[in-house]
Amino acid sequence: MWGLEGKRFWLVLMAFAAGLVAVIFYRGLPDAVYGALVALGGVILTTLHSGAMRQADLNSTVLQKRIEREMGLRRDVFLPAFEGATRAINALSMVLESGKPRDEIAADFAAGHSSLTKAMLVATPPTIAGIQRLVGALSLAWSESIGHRVVLGQIQDRCKAIERERELEFELRQTMIKHLQTVHVQPNVNAVASQRAVEVIQAHDQRIAGMNAKLDVVMTERSTYYLNALKPLVKRLAEIRPLFPPVLAELRKEMELPFDEATFAKDQESIAGEIRCALERRIAEAEQYLSARRAQQNSAASQAT
(Lines give C-alpha, C1' and ligand atoms only; values in the text may rest on other atoms or scores of the structure.)
Protein backbone atom coordinates (compact mmCIF):
# COMPACT_ATOMS: atom_id res chain seq x y z
CA MET A 1 0.00 0.00 0.00
CA TRP A 2 1.22 3.54 -0.84
CA GLY A 3 0.53 5.08 2.53
CA LEU A 4 2.57 7.10 4.98
CA GLU A 5 3.36 3.84 6.69
CA GLY A 6 4.07 1.98 3.46
CA LYS A 7 7.56 0.65 2.81
CA ARG A 8 7.65 1.88 -0.77
CA PHE A 9 6.90 5.42 0.30
CA TRP A 10 9.82 5.41 2.70
CA LEU A 11 12.08 3.81 0.12
CA VAL A 12 11.27 6.56 -2.38
CA LEU A 13 11.79 9.21 0.30
CA MET A 14 15.17 7.73 1.27
CA ALA A 15 16.24 7.50 -2.37
CA PHE A 16 15.25 11.11 -2.98
CA ALA A 17 17.09 12.28 0.16
CA ALA A 18 20.20 10.31 -0.80
CA GLY A 19 20.13 11.76 -4.31
CA LEU A 20 19.69 15.27 -2.97
CA VAL A 21 22.62 14.85 -0.57
CA ALA A 22 24.76 13.53 -3.40
CA VAL A 23 23.90 16.54 -5.55
CA ILE A 24 24.70 18.92 -2.71
CA PHE A 25 28.11 17.45 -1.94
CA TYR A 26 29.32 16.58 -5.38
CA ARG A 27 27.74 19.06 -7.79
CA GLY A 28 27.94 22.36 -6.00
CA LEU A 29 24.73 23.71 -7.46
CA PRO A 30 23.31 27.13 -6.53
CA ASP A 31 20.97 27.40 -3.53
CA ALA A 32 18.00 28.26 -5.77
CA VAL A 33 18.43 24.98 -7.59
CA TYR A 34 18.56 23.10 -4.29
CA GLY A 35 15.34 24.75 -3.21
CA ALA A 36 13.67 23.91 -6.49
CA LEU A 37 14.76 20.28 -6.21
CA VAL A 38 13.45 20.02 -2.65
CA ALA A 39 10.13 21.59 -3.65
CA LEU A 40 9.84 19.31 -6.68
CA GLY A 41 10.58 16.27 -4.56
CA GLY A 42 7.96 17.34 -2.04
CA VAL A 43 5.38 17.78 -4.77
CA ILE A 44 6.18 14.36 -6.24
CA LEU A 45 6.05 12.62 -2.87
CA THR A 46 2.84 14.39 -1.88
CA THR A 47 1.22 13.46 -5.19
CA LEU A 48 2.29 9.84 -4.84
CA HIS A 49 1.09 9.69 -1.26
CA SER A 50 -2.29 11.30 -2.05
CA GLY A 51 -2.86 8.98 -5.00
CA ALA A 52 -1.92 5.98 -2.93
CA MET A 53 -4.33 6.98 -0.16
CA ARG A 54 -7.15 7.47 -2.66
CA GLN A 55 -6.42 4.05 -4.14
CA ALA A 56 -6.38 2.52 -0.67
CA ASP A 57 -9.74 4.12 0.16
CA LEU A 58 -11.16 2.89 -3.14
CA ASN A 59 -9.89 -0.64 -2.53
CA SER A 60 -11.34 -0.58 0.98
CA THR A 61 -14.73 0.60 -0.33
CA VAL A 62 -14.76 -2.05 -3.06
CA LEU A 63 -13.84 -4.73 -0.54
CA GLN A 64 -16.53 -3.57 1.88
CA LYS A 65 -19.18 -3.57 -0.84
CA ARG A 66 -18.06 -7.01 -1.95
CA ILE A 67 -18.33 -8.31 1.62
CA GLU A 68 -21.78 -6.73 2.06
CA ARG A 69 -22.95 -8.16 -1.25
CA GLU A 70 -21.64 -11.61 -0.35
CA MET A 71 -23.24 -11.53 3.10
CA GLY A 72 -26.52 -10.33 1.61
CA LEU A 73 -26.41 -13.17 -0.89
CA ARG A 74 -25.64 -15.66 1.83
CA ARG A 75 -28.52 -14.46 3.99
CA ASP A 76 -30.89 -14.45 1.01
CA VAL A 77 -29.88 -18.03 0.19
CA PHE A 78 -29.07 -19.70 3.49
CA LEU A 79 -31.99 -18.36 5.51
CA PRO A 80 -34.58 -19.78 3.06
CA ALA A 81 -32.56 -23.01 3.00
CA PHE A 82 -32.73 -23.17 6.78
CA GLU A 83 -36.51 -22.73 6.67
CA GLY A 84 -36.86 -24.96 3.61
CA ALA A 85 -35.27 -27.93 5.34
CA THR A 86 -37.96 -27.93 8.03
CA ARG A 87 -40.65 -27.29 5.43
CA ALA A 88 -39.57 -30.31 3.38
CA ILE A 89 -39.53 -32.73 6.32
CA ASN A 90 -42.95 -31.52 7.47
CA ALA A 91 -44.36 -32.04 3.97
CA LEU A 92 -42.88 -35.53 3.91
CA SER A 93 -44.48 -36.31 7.27
CA MET A 94 -47.93 -35.38 5.91
CA VAL A 95 -47.68 -36.89 2.45
CA LEU A 96 -49.75 -39.99 3.28
CA GLU A 97 -52.41 -38.04 5.13
CA SER A 98 -55.56 -37.26 3.18
CA GLY A 99 -56.49 -34.15 5.15
CA LYS A 100 -54.41 -31.81 2.98
CA PRO A 101 -54.49 -31.81 -0.86
CA ARG A 102 -51.59 -33.63 -2.46
CA ASP A 103 -50.70 -30.66 -4.67
CA GLU A 104 -50.27 -28.37 -1.64
CA ILE A 105 -48.02 -30.88 0.11
CA ALA A 106 -46.01 -31.36 -3.08
CA ALA A 107 -45.61 -27.58 -3.44
CA ASP A 108 -44.33 -27.30 0.14
CA PHE A 109 -41.81 -30.08 -0.41
CA ALA A 110 -40.67 -28.66 -3.76
CA ALA A 111 -40.13 -25.20 -2.23
CA GLY A 112 -38.08 -26.61 0.63
CA HIS A 113 -36.08 -28.86 -1.68
CA SER A 114 -35.36 -25.96 -4.06
CA SER A 115 -34.16 -23.70 -1.23
CA LEU A 116 -31.72 -26.36 -0.05
CA THR A 117 -30.43 -26.97 -3.56
CA LYS A 118 -29.82 -23.25 -4.20
CA ALA A 119 -27.75 -23.01 -1.02
CA MET A 120 -25.19 -25.39 -2.52
CA LEU A 121 -24.29 -22.78 -5.16
CA VAL A 122 -22.65 -20.46 -2.61
CA ALA A 123 -21.95 -22.76 0.33
CA THR A 124 -18.63 -24.06 1.59
CA PRO A 125 -17.67 -27.71 0.94
CA PRO A 126 -18.75 -29.02 4.40
CA THR A 127 -22.15 -27.39 3.99
CA ILE A 128 -22.51 -28.72 0.44
CA ALA A 129 -21.71 -32.26 1.58
CA GLY A 130 -24.28 -32.11 4.38
CA ILE A 131 -26.97 -30.65 2.11
CA GLN A 132 -26.31 -33.31 -0.54
CA ARG A 133 -26.81 -36.10 1.99
CA LEU A 134 -29.98 -34.50 3.34
CA VAL A 135 -31.45 -33.70 -0.09
CA GLY A 136 -30.71 -37.22 -1.31
CA ALA A 137 -32.45 -38.81 1.67
CA LEU A 138 -35.44 -36.46 1.37
CA SER A 139 -35.79 -37.08 -2.37
CA LEU A 140 -35.69 -40.86 -1.94
CA ALA A 141 -38.29 -40.84 0.83
CA TRP A 142 -40.48 -38.42 -1.13
CA SER A 143 -40.40 -40.41 -4.37
CA GLU A 144 -41.45 -43.54 -2.48
CA SER A 145 -44.14 -41.85 -0.41
CA ILE A 146 -45.70 -39.74 -3.17
CA GLY A 147 -46.20 -42.91 -5.23
CA HIS A 148 -48.03 -44.46 -2.29
CA ARG A 149 -50.07 -41.28 -1.91
CA VAL A 150 -51.19 -41.50 -5.55
CA VAL A 151 -52.36 -45.09 -5.10
CA LEU A 152 -54.10 -44.22 -1.83
CA GLY A 153 -55.81 -41.33 -3.60
CA GLN A 154 -57.06 -43.67 -6.31
CA ILE A 155 -58.42 -46.08 -3.70
CA GLN A 156 -60.05 -43.18 -1.89
CA ASP A 157 -61.69 -42.05 -5.13
CA ARG A 158 -63.14 -45.55 -5.56
CA CYS A 159 -64.51 -45.39 -2.01
CA LYS A 160 -66.14 -42.04 -2.69
CA ALA A 161 -67.66 -43.31 -5.93
CA ILE A 162 -69.19 -46.30 -4.13
CA GLU A 163 -70.46 -44.06 -1.33
CA ARG A 164 -72.10 -41.70 -3.83
CA GLU A 165 -73.74 -44.61 -5.60
CA ARG A 166 -74.92 -46.05 -2.27
CA GLU A 167 -76.31 -42.67 -1.23
CA LEU A 168 -78.27 -42.52 -4.47
CA GLU A 169 -79.68 -45.99 -3.77
CA PHE A 170 -80.70 -44.84 -0.29
CA GLU A 171 -82.55 -41.86 -1.78
CA LEU A 172 -84.33 -44.06 -4.36
CA ARG A 173 -85.24 -46.53 -1.62
CA GLN A 174 -86.68 -43.75 0.55
CA THR A 175 -88.68 -42.45 -2.41
CA MET A 176 -90.14 -45.90 -3.01
CA ILE A 177 -90.99 -46.30 0.69
CA LYS A 178 -92.92 -43.02 0.58
CA HIS A 179 -94.69 -44.23 -2.57
CA LEU A 180 -95.63 -47.49 -0.80
CA GLN A 181 -97.00 -45.54 2.16
CA THR A 182 -99.08 -43.46 -0.24
CA VAL A 183 -100.46 -46.62 -1.85
CA HIS A 184 -101.43 -48.06 1.55
CA VAL A 185 -103.39 -44.99 2.63
CA GLN A 186 -105.54 -44.99 -0.50
CA PRO A 187 -109.16 -46.23 -0.06
CA ASN A 188 -108.74 -48.95 -2.66
CA VAL A 189 -105.31 -50.50 -2.10
CA ASN A 190 -103.79 -51.80 -5.32
CA ALA A 191 -102.16 -55.08 -4.33
CA VAL A 192 -100.14 -55.31 -7.53
CA ALA A 193 -98.71 -51.80 -7.13
CA SER A 194 -97.99 -52.50 -3.47
CA GLN A 195 -96.17 -55.74 -4.27
CA ARG A 196 -94.20 -54.06 -7.03
CA ALA A 197 -93.11 -51.30 -4.64
CA VAL A 198 -92.01 -53.89 -2.07
CA GLU A 199 -89.97 -55.71 -4.72
CA VAL A 200 -88.32 -52.46 -5.78
CA ILE A 201 -87.45 -51.67 -2.15
CA GLN A 202 -85.98 -55.15 -1.73
CA ALA A 203 -83.93 -54.68 -4.89
CA HIS A 204 -82.58 -51.42 -3.50
CA ASP A 205 -81.74 -53.21 -0.23
CA GLN A 206 -79.82 -55.87 -2.13
CA ARG A 207 -77.88 -53.29 -4.11
CA ILE A 208 -77.10 -51.34 -0.94
CA ALA A 209 -75.89 -54.53 0.76
CA GLY A 210 -73.72 -55.29 -2.26
CA MET A 211 -72.26 -51.78 -2.17
CA ASN A 212 -71.57 -52.12 1.55
CA ALA A 213 -69.69 -55.34 0.88
CA LYS A 214 -67.81 -53.72 -1.99
CA LEU A 215 -67.00 -50.72 0.21
CA ASP A 216 -65.68 -53.01 2.95
CA VAL A 217 -63.38 -54.70 0.44
CA VAL A 218 -62.05 -51.38 -0.84
CA MET A 219 -61.60 -49.99 2.69
CA THR A 220 -59.71 -53.14 3.67
CA GLU A 221 -57.51 -52.70 0.61
CA ARG A 222 -56.88 -49.07 1.53
CA SER A 223 -56.05 -49.85 5.15
CA THR A 224 -53.69 -52.64 4.11
CA TYR A 225 -51.92 -50.46 1.56
CA TYR A 226 -51.83 -47.52 3.96
CA LEU A 227 -50.26 -49.71 6.62
CA ASN A 228 -47.67 -51.10 4.22
CA ALA A 229 -46.76 -47.57 3.06
CA LEU A 230 -46.77 -45.90 6.47
CA LYS A 231 -44.38 -48.26 8.23
CA PRO A 232 -41.50 -47.62 5.76
CA LEU A 233 -42.17 -43.87 5.97
CA VAL A 234 -41.74 -43.93 9.75
CA LYS A 235 -38.44 -45.74 9.23
CA ARG A 236 -37.31 -43.22 6.59
CA LEU A 237 -38.14 -40.29 8.84
CA ALA A 238 -36.12 -41.87 11.64
CA GLU A 239 -33.15 -42.12 9.25
CA ILE A 240 -33.51 -38.55 7.98
CA ARG A 241 -33.92 -36.78 11.33
CA PRO A 242 -30.25 -37.15 12.43
CA LEU A 243 -29.12 -35.44 9.21
CA PHE A 244 -30.86 -32.19 10.13
CA PRO A 245 -28.88 -30.74 13.07
CA PRO A 246 -25.45 -30.88 11.32
CA VAL A 247 -26.79 -29.31 8.12
CA LEU A 248 -28.65 -26.54 9.91
CA ALA A 249 -25.60 -25.91 12.08
CA GLU A 250 -23.50 -25.41 8.92
CA LEU A 251 -26.12 -23.08 7.47
CA ARG A 252 -26.04 -20.97 10.63
CA LYS A 253 -22.26 -20.82 10.43
CA GLU A 254 -22.52 -19.65 6.82
CA MET A 255 -24.71 -16.79 8.02
CA GLU A 256 -22.29 -16.13 10.90
CA LEU A 257 -25.05 -16.72 13.43
CA PRO A 258 -24.74 -18.69 16.67
CA PHE A 259 -26.23 -22.17 16.77
CA ASP A 260 -26.52 -24.63 19.65
CA GLU A 261 -26.58 -27.94 17.80
CA ALA A 262 -27.20 -30.03 20.93
CA THR A 263 -30.24 -27.97 21.97
CA PHE A 264 -31.59 -27.99 18.43
CA ALA A 265 -31.15 -31.75 18.18
CA LYS A 266 -33.06 -32.17 21.45
CA ASP A 267 -35.91 -29.95 20.19
CA GLN A 268 -35.98 -31.80 16.88
CA GLU A 269 -36.18 -35.11 18.70
CA SER A 270 -39.17 -33.81 20.63
CA ILE A 271 -40.90 -32.71 17.41
CA ALA A 272 -39.96 -35.97 15.72
CA GLY A 273 -41.44 -37.84 18.68
CA GLU A 274 -44.76 -36.05 18.24
CA ILE A 275 -44.83 -36.82 14.51
CA ARG A 276 -43.81 -40.42 15.16
CA CYS A 277 -46.58 -40.82 17.75
CA ALA A 278 -49.15 -39.42 15.31
CA LEU A 279 -48.02 -41.78 12.55
CA GLU A 280 -47.87 -44.75 14.91
CA ARG A 281 -51.41 -43.90 16.04
CA ARG A 282 -52.48 -44.06 12.40
CA ILE A 283 -50.76 -47.42 12.08
CA ALA A 284 -52.56 -48.71 15.19
CA GLU A 285 -55.92 -47.53 13.82
CA ALA A 286 -55.30 -49.27 10.50
CA GLU A 287 -54.22 -52.48 12.25
CA GLN A 288 -57.29 -52.32 14.51
CA TYR A 289 -59.59 -51.91 11.51
CA LEU A 290 -57.98 -54.83 9.69
CA SER A 291 -58.16 -57.00 12.79
CA ALA A 292 -61.86 -56.21 13.27
CA ARG A 293 -62.49 -56.85 9.59
CA ARG A 294 -60.77 -60.26 9.72
CA ALA A 295 -62.71 -61.20 12.87
CA GLN A 296 -65.97 -60.23 11.15
CA GLN A 297 -65.09 -62.30 8.08
CA ASN A 298 -64.17 -65.32 10.21
CA SER A 299 -67.44 -65.00 12.15
CA ALA A 300 -69.45 -64.82 8.92
CA ALA A 301 -67.60 -67.85 7.53
CA SER A 302 -68.24 -69.91 10.67
CA GLN A 303 -71.95 -69.04 10.64
CA ALA A 304 -72.19 -70.04 6.99
CA THR A 305 -70.78 -73.49 7.75
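The values are calculated or read from the model by the stated rules, or taken from the named source; none is laboratory data. Worth saying up front: this structure is predicted, and the values here are computed from it rather than measured. In this analysis, Cβ positions are derived from the backbone assuming ideal geometry, glycine residues included, and neighbour counts consider all displayed protein chains.
Could you go through the stretch 174-196 and let me know if any residue there is of a type outside the set (Ser, Thr, Tyr), in a helix (DSSP H, G or I) and either at pLDDT 90 or above or at positive phi (or both).
yes
Can you confirm whether Ile162 is over 25 Å from Pro101 (Cα atoms), among the hydrophobic types (A, V, I, L, M, F, W, C), part of a helix (DSSP H, G or I) and in contact with a helix residue (DSSP H, G or I) (Cβ under 8 Å, 6 or more places away or on another chain)?
no
Would you check which residues across the stretch 118-128 are within 13 Å of Leu251 (Cβ to Cβ), part of a helix (DSSP H, G or I) and of a type outside the set (Gly, Ala, Ser) and list them?
Of everything in the stretch 118-128, those that are within 13 Å of Leu251 (Cβ to Cβ), part of a helix (DSSP H, G or I) and of a type outside the set (Gly, Ala, Ser) turn out to be Lys118, Pro126, Thr127, Ile128.
Among Ile131, Ile155, Ile89, which is closer than 21 Å to Tyr226 by Cα, in a helix (DSSP H, G or I) and at pLDDT 85 or above?
Ile155
If you take the residues of the stretch 117-142 that are farther than 20 Å from Arg276 by Cα and free of Cβ contacts under 8 Å to residues at least 40 places away in the same chain, which of them is surrounded by the fewest Cβ atoms within 10 Å (Cβ to Cβ)?
Pro125
If you scan the stretch 96-116, which residues turn out to be buried (at least 18 other Cβ atoms within 10 Å of the Cβ) and assigned to a helix (DSSP H, G or I)?
Ile105, Asp108, Phe109, Gly112, His113, Ser115, Leu116
From the set of residues in the stretch 247-262 that are at pLDDT below 70 and under 21 Å from the mean Cα position of the chain (by Cα), which is surrounded by the fewest Cβ atoms within 10 Å (Cβ to Cβ)?
Looking at residues that are at pLDDT below 70 and under 21 Å from the mean Cα position of the chain (by Cα), I get Glu261.
Going residue by residue through the stretch 218-231, is there one that turns out to be out of contact with any helix residue (DSSP H, G or I) (no Cβ under 7 Å at 6 or more places or on another chain) and within 30 Å of Gln132 (Cα to Cα)?
yes
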